[in-house]
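Worksheet: one structure, shown below.
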Amino acid sequence: MLAERRHQMILRALRSGGPAAVTDLSEQLGVSAATIRRDLLKLEEEGLLTRVHGGAVVEEGDQPFAEVAGVRVAEKDALAVAAADMIEDGQSVLLDIGTTAYRLARQLHGRRLTVITSNLVVFEELADDTAVELVLLGGVLRREYRSLVGFLTEDNLRQLHADWLFLGTSGVRPSGQIMDTTVIEVPVKRAMIAASDQVVLLADAGKFPGTGMTKVCGPEDLDTVVTNAPSDSATCSVFEQAGVKVVRV
């Protein structure tokens, strides 16, 4: 059996049945335990599962906004400051869902900007700031994740143009692929990319490789990556080879 096919079967088993032991996966796939262990190591390196004692587990879905809002705040604020410095007054800015985009919104108070977002926490942060022209995209409410999604959101984006998109991610693969854990968010992210002149990925070191089962885009769709990942990160080298500017903070 080809390794790629085996990896797909392992992930399918973990998603449908929950945590599984190496011995169980070995029996299901008809391969040795040593082969399964190598497969699990490879899949963990790609952010597709988490190894646990004697086996592995797949953690599906984004964590609710409230659970991650207080995680790595200093790192996210450093990224947000660097991102805010890129924007000139009078420009239009698309802000993605997630906590890093929220930290960036906090840096935009008092700026003469147009901010477009499907992120309700960004909307709430800037709603009373009269300097900012604020555009809230329509869509279906995802309450725990504080975002709007669906065909209405995508239709809104097709009618808009932004100078900048600041994109969040669940994980960045070693190949430079940008991933997300929730399928329903991906079409909105892709529509945001299509609506923007400059696409900036905000990804702290914890997102390398992070998590995610669905590809949002490749490095060819990005203009800049703002990160605090180590300077010798192989993934950052992939971005640079693809012509993406890497801003380290």
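The values are calculated or read from the model by the stated rules, or taken from the named source; none is laboratory data. Since the structure is predicted, the reported quantities are computational estimates derived from the model, not experimental observations. Note that we place each Cβ from the backbone using ideal geometry, even for glycine, and neighbour counts take in every protein chain shown. Heads up: the accessible areas ignore ligands, DNA and RNA and are worked out on the full protein's heavy atoms, side chains in. Shrake-Rupley method; radii C 1.70, N 1.55, O 1.52, S 1.80 Å.
Summary table below
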read-out	value
Residue within the stretch 183-202 that is open to solvent by 60 Å² or more (accessible area, probe 1.4 Å), closer than 22 Å to Asn228 by Cβ and either touching a strand residue (DSSP E or B) at 6+ places or on another chain (Cβ under 6 Å) or of a type in the set (Lys, Arg) (or both) present	yes
Of residues in the stretch 146-171 being closer than 14 Å to Thr117 by Cα and in a loop (DSSP other than H, G, I, E, B), the one farthest from the chain's Cα centre (by Cα)	Gln159
Lys215 being over 17 Å from Thr99 (Cα atoms) and open to solvent by 10 Å² or more (accessible area, probe 1.4 Å)	yes
Verdict on Thr224 being surrounded by fewer than 23 Cβ atoms within 10 Å (Cβ to Cβ), within 13 Å of the chain's Cα centre (by Cα) and among the hydroxyl-bearing types (Ser, Thr, Tyr)	no
Hits in the stretch 100-140 (condition: within 18 Å of Glu75 (Cα to Cα), in contact (Cβ under 8 Å) with a residue 60 or more places away in the chain and either of a type in the set (Ser, Thr, Tyr) or in a strand (DSSP E or B) (or both))	Thr100
Any hit, the stretch 167-178, residues being small (Gly, Ala, Ser), open to solvent by less than 10 Å² (accessible area, probe 1.4 Å) and in contact with a helix residue (DSSP H, G or I) (Cβ under 8 Å, 6 or more places away or on another chain)	yes
Filter result (aliphatic (A, V, I, L, M) and in contact with a helix residue (DSSP H, G or I) (Cβ under 7 Å, 6 or more places away or on another chain)) within the stretch 115-139	Val115, Val121, Val122, Leu126, Val132, Leu134, Leu136, Leu137
Residue that is most open to solvent (accessible area, probe 1.4 Å) [pool: residues in the stretch 42-57 that are within 22 Å of the chain's Cα centre (by Cα) and without any contact (Cβ under 8 Å) to a residue 60 or more places away in the chain]	Arg51
Subset of the stretch 11-37 [under 23 Å from Thr181 (Cα atoms), out of contact with any strand residue (DSSP E or B) (no Cβ under 7 Å at 6 or more places or on another chain) and open to solvent by 40 Å² or more (accessible area, probe 1.4 Å)]	Arg12, Arg15, Ser16, Gly17
Members of the stretch 68-99 found to be modelled with pLDDT of 95 or more, among the charged types (D, E, K, R), part of a loop (DSSP other than H, G, I, E, B) and over 24 Å from Leu148 (Cβ atoms), listed by number	Glu88, Asp89
